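Visitor: Shown below is the structure under consideration.
The values are calculated or read from the model by the stated rules, or taken from the named source; none is laboratory data. None of the values given here were measured: they were computed from a predicted structure. Please note: Cβ atoms are built from the backbone with ideal geometry, for glycine as well, and neighbour counts cover all protein chains shown. Please note that ligands, DNA and RNA were not included when accessible areas were found on the heavy atoms of the full protein model with its side chains. Shrake-Rupley method; radii C 1.70, N 1.55, O 1.52, S 1.80 Å.
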Amino acid sequence: MTDRPTGTPPMIHMVMVDIAPEQEAAFNEWYENVHIPEILACPGWRSAKRWLVDEGGPKYAALYEIDGPEVYDTPEFNAIKGFGPFTEFVANFHRIRLKPIPGRPGDWVVAS
């Protein structure tokens, strides 16, 4: 989005969910082919990646790089947010929003 200061590191928007087993295949197809493209078409949503949780949470996690909290207030996001046709089959929903530590560049530290 254009109102973020140049060089401001992105925030991370994390979503974790379980899905009813009988809906899992259809949910994964929808998430990959409908939901992620729709959300990345919204202003300020930079990237998305899905993960299987190995330990300590619901089965699925999605991490999104976002410009900042203002991305939640756009008409585009409000039109597509949520789990669409799978809402009634989602359980253990968690959303975590992470922001950079002040004074830190926000990049990954790479082992040498």
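Visitor: Quick one: order Arg50, Arg97 from most to least accessible surface, probe 1.4 Å.
Guide: Per-residue accessible area, sorted high to low, gives Arg97, Arg50.
Visitor: Can you pull the percent of the chain's accessible area that's carbon plus sulfur, 1.4 Å probe, other chains left in place?
Guide: That fraction is 56 percent.
Visitor: With a probe of 1.4 Å, find how much accessible area segment 56-112 has per residue, and write the answer as a whole number in Å².
Guide: 72
Visitor: Apply the Karplus curve 6.51 cos²θ - 1.76 cosθ + 1.60, θ = phi - 60°, to the phi angles in segment 91-97 and return the couplings in whole Hz, x for Gly and Pro.
Guide: 9, 6, 6, 9, 10, 10, 10
Visitor: So, one more: Please list, by residue number, every one of the chymotrypsin sites (Phe, Trp or Tyr not before Pro) in segment 1-83 that is coil in DSSP and has at most 16 other beta-carbon atoms within 10 Å.
Guide: For chymotrypsin sites (Phe, Trp or Tyr not before Pro) across segment 1-83 that sit outside H, G, I, E and B with at most 16 neighbouring Cβ atoms in 10 Å, the list is empty.
Visitor: Under the Karplus relation 6.51 cos²θ - 1.76 cosθ + 1.60, θ = phi - 60°, what is the ordered set of whole-Hz ³J(HN,Hα) values for segment 74-86, x standing for Gly and Pro?
Guide: Couplings: 9, x, 5, 5, 4, 6, 10, 5, x, 10, x, x, 9 Hz.
Visitor: Suppose the chain between Arg50 and Glu88 were pulled fully straight at 0.36 nm per residue; how much longer would it get relative to their current alpha carbon spacing?
Guide: Stretched fully, the Arg50-Glu88 segment lengthens by 11.6 nm.
Visitor: Provide Asp67, Asp54, Asp18, Asp73 ordered by accessible surface of protein heavy atoms (probe 1.4 Å), highest first.
Guide: The ordering from most to least exposed comes out as Asp54, Asp73, Asp18, Asp67.
Visitor: So, one more: Going from most exposed to least, what order do Val90, Val71, Val110 have by accessible area with a 1.4 Å probe?
Guide: Sorted descending by solvent-accessible area, the residues read Val110, Val90, Val71.
Visitor: Still on this structure: Rounded to the nearest 500, what is the chain's calculated 222 nm mean residue ellipticity when only DSSP H runs of at least 4 contribute -39500 (n - 2.57) each, over all residues?
Guide: -3500 deg cm²/dmol
Visitor: Figure the gain on full extension for Leu63 and Asn78 (residue separation times 0.36 nm, minus the Cα-Cα span) and round it to one decimal in nm.
Guide: 3.6 nm
Visitor: Dipole size in debye (nearest 20) for the chain around its Cα centre, Lys and Arg Cβ +1, Asp and Glu Cβ -1?
Guide: 440
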